[in-house]
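Have a look at the structure below, then the notes.
Please treat every number below as a calculation from the coordinates, not as lab data. No experiment lies behind these values; they were computed from the predicted model shown. Cβ placement follows ideal geometry from the backbone for every residue including glycine, while neighbour counts extend to all protein chains displayed.
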Amino acid sequence: MTPRRAASPVESLLAAREIVVACGPGGVGKTTAAAAVAATAAARSGAKVLVLTVDPARRLADALGVDGIGNAASRVSPSTFTAAGVRPKGELWAAMLDTKQSWDALVRRHAPDRSTADQILANPLYQNITGRFAQSHEYIAMERLYEIHAEGEYDLLVVDTPPTRNALDFLDAPQRMADFFASGLLRWLIAPSRSRLVSLASRPFYQVADRILGTQFLEDVAEFFRLFQSMYDGFVSRAQSVSGLLRDPRTTFMVVTTLETVPALEAARFAEALAERHLHLGLLVANKVLPPSFADPDAEAVAESLQTRSEAVATALSSTLADGLGGVDQVERVLQEVGRSFANFELVARRESELLAEMSRGHSVTVTVPHLSGDVVDVAGLLEIGRHVFDGFAVRADAPTTGLS
C-alpha cells in the first residue's frame, strides 16, 4: 500500500477554514495567488471551491477558461485540469463581483417593501450615488461574501479583496456603512423633504443650490436618501453580521506581497491591523522571491572567484570557445560581469531572507513563490503557483527568526 502523503502546513490550515480572504498591496499578484490557492485546493481535495475575484485581468479569466464571468458563479471545466495533467478531486467555481447587480440585490433584500425597492432602483441618482459612497465597493464585496457563505453551497471560499488606496478600507467598510445610516449627514440630507422649515444656518446653501441646480434636483436628492434610510434596520443588522463573519474562526486572511521595501512595509502594517482587529492571519505569501540558491555560500564563493580569478578562468575557457566569439579579454569582461551580477543578486536574496524571517512572526504559515517566467495563461500556470504555496518552502510562526540588519 502506498503510504499516505502528509498534509502540508497550508493544507492543514485550509482544512479547518471555510473562507480565505486574500489581501495586500496592489500589483503583487494577489488576484492570481487567490485563484492559484483555489485551483490547487479544488485539485487536491474533494471540496467544492469558489474563487470570488473583484476585477480579474482578462488573462486570468482566460486562464480559468470561463467566459462571461460575473456575479453568478461558473464552474471551471474539469478538462482545463486534465489538460494540465491533473485529475481534480473536487470542483472549482469562479465568480466576479458585479457591483451594481450586488447593490440592486441588497436594496431588494433590505427595503421594507417592493414598492420602496422599486422607487430606489428607479431613482436617477441611485446608480451614480451608490457607486460613490465611501467604501461602497469594499462593503459590497464583503456583503457578497456573506451572502455566498450563508447559502452554504461551497466548502471553501477564496476571496480577492478590492484594490484600494487604503488596504484597510474593506475591513472597516461594514461598520462605516452602518454608521452612515445613523449619521447626522443623512438626517440633514433628508430634512427638506420632511419639512419646508429649513434652519437659518442652512438656508443660504439651499438658496444658492436652488438657483444653480434647481429645486427638483434637491427634492430628488432628499427623496432618494429618505427612501434609502428606510433600509436602516435590515442594513445595519446585515453589516454587523458581515463584520462578525470576518472575525469568525472559520475565516482566515492571506496576505500577499513581494519583498520589495514598499509592498513589504504595507503588508506588515496590514498584518498589524489584522491583529489589532482580532482577525486571523493564517498565511503570508511572499511572491516573486529570488531562489535560495543565491544565498548558497558555495555559489557565493564561485561568484567571487569569477571576479578575482577572471583572467585565469578566461584563458582556460577561451581555448574551448568557438572562433569569432572574442579573445581572452572579452571572456574576462563577461566573467567579471557575471560575478558582479551574482553578488548583487546574493545581496538582495540575503536581504529578502532576513525580511521574510522578520515578517513570519505572528501568524500560522509563511510561504514563498519564486519568479516565474511568463504570465499565467492557463490552469497549469495557476497550479504551478499553487504547488509552491502548498508544497514549497514554508516558515512556521514558531520558527527561529533573525533580526533585520
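At a glance:
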| item | result |
| --- | --- |
| Square roots of 5 times each gyration tensor eigenvalue, C-alpha, the stretch 236-285, largest first, Å | 25, 11, 8 |
| Unit charges at the beta carbon, dipole of the stretch 252-382: most positive-side option, Val367, Val328, Val255 | Val255 |
| Fewest-first ranking of Thr261, Thr368, using other Cβ atoms within 10 Å as the exposure measure | Thr261, Thr368 |
| Relative contact order (%) - the stretch 293-352, alpha-carbon pairs under 8 angstrom, separation at least six | 49 percent |
| Positive dipole terminus of the stretch 293-352, leading residue within Ala301, Phe345, Leu317 (C-beta point charges) | Phe345 |
| Theoretical FRET efficiency, 1/(1+(r/R0)^6), r = Cβ-Cβ of Arg387 and Tyr232, R0 56 Å, to 0.05 | 0.70 |
| Exposure proxy order (Cβ contacts within 10 Å, fewest to most) of Leu355, Leu52, Leu382 | Leu355, Leu52, Leu382 |
| Two-decimal Rg/Rh across the stretch 293-352, once Rg and the Kirkwood Rh are taken from alpha-carbon atoms | 1.07 |
| Stretch gain in nm, segment Asp67-Arg247, where the contour uses 0.36 nm per residue and the Cα spacing is subtracted | 61.4 nm |
| Projected label distance in nm at Asp98 and Ala16, using a 7 Å step from Cα toward the beta-carbon | 3.8 nm |
